[in-house]
């Protein structure tokens, strides 16, 4: 559990603890059977910058989070947020455009192109 030190909203966050002998790979959530959410990725797989960008380990841009959604964002490894704030969960099952390629989210897939790919962390 943690309290957000950057705000005074008295919010409580409950984090998933990593397993020492986990079979979970560092780049994908534990299951791909249903919807995949941002917070299902393990803690430490990507970082949230002060500028609002989520970055992969090599520093590549993945997703920009507007300021109004940063405090209540269910980030990687976060299980629950308890408090009187609005929360945001990001569903990534069909995420196709990340980082600098975000403009592609409006493009229809080309003939034979696989439009939906797993999120590149």
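Check segment 7-29 and report whether any residue there is modelled with pLDDT under 75, touching a helix residue (DSSP H, G or I) at 6+ places or on another chain (Cβ under 7 Å) and under 23 Å from residue 95 (Cβ atoms).
Yes, segment 7-29 contains at least one residue that is modelled with pLDDT under 75, touching a helix residue (DSSP H, G or I) at 6+ places or on another chain (Cβ under 7 Å) and under 23 Å from residue 95 (Cβ atoms).
Go through segment 30-40 and give me each residue that's at pLDDT 80 or above and either touching a strand residue (DSSP E or B) at 6+ places or on another chain (Cβ under 9 Å) or over 17 Å from residue 87 (Cβ atoms) (or both).
Matches in segment 30-40: 36, 37, 38, 39.
All but one of (1) surrounded by 15 or more Cβ atoms within 10 Å (Cβ to Cβ); (2) over 16 Å from the mean Cα position of the chain (by Cα); (3) modelled with pLDDT under 85 hold for residue 115; which doesn't?
All conditions pass for residue 115, except number (1).
Those residues that are touching a helix residue (DSSP H, G or I) at 6+ places or on another chain (Cβ under 9 Å), touching a residue at least 40 places away in the same chain (Cβ under 8 Å) and not in a loop (DSSP other than H, G, I, E, B), I need them from segment 37-74; list them, please.
If the condition is that a residue be touching a helix residue (DSSP H, G or I) at 6+ places or on another chain (Cβ under 9 Å), touching a residue at least 40 places away in the same chain (Cβ under 8 Å) and not in a loop (DSSP other than H, G, I, E, B), then 62 is the only one that fits.
Hey, among the residues in segment 50-107 that are in contact with a strand residue (DSSP E or B) (Cβ under 7 Å, 6 or more places away or on another chain), modelled with pLDDT under 85 and surrounded by fewer than 15 Cβ atoms within 10 Å (Cβ to Cβ), which one's farthest from residue 14 (Cα to Cα)?
This residue is 100.
The values are calculated or read from the model by the stated rules, or taken from the named source; none is laboratory data. This one's a predicted model, so the numbers in the text were calculated from it and none came from an experiment. Note: ideal-geometry Cβ built from the backbone for every residue, glycine included; neighbour counts use all protein chains shown.
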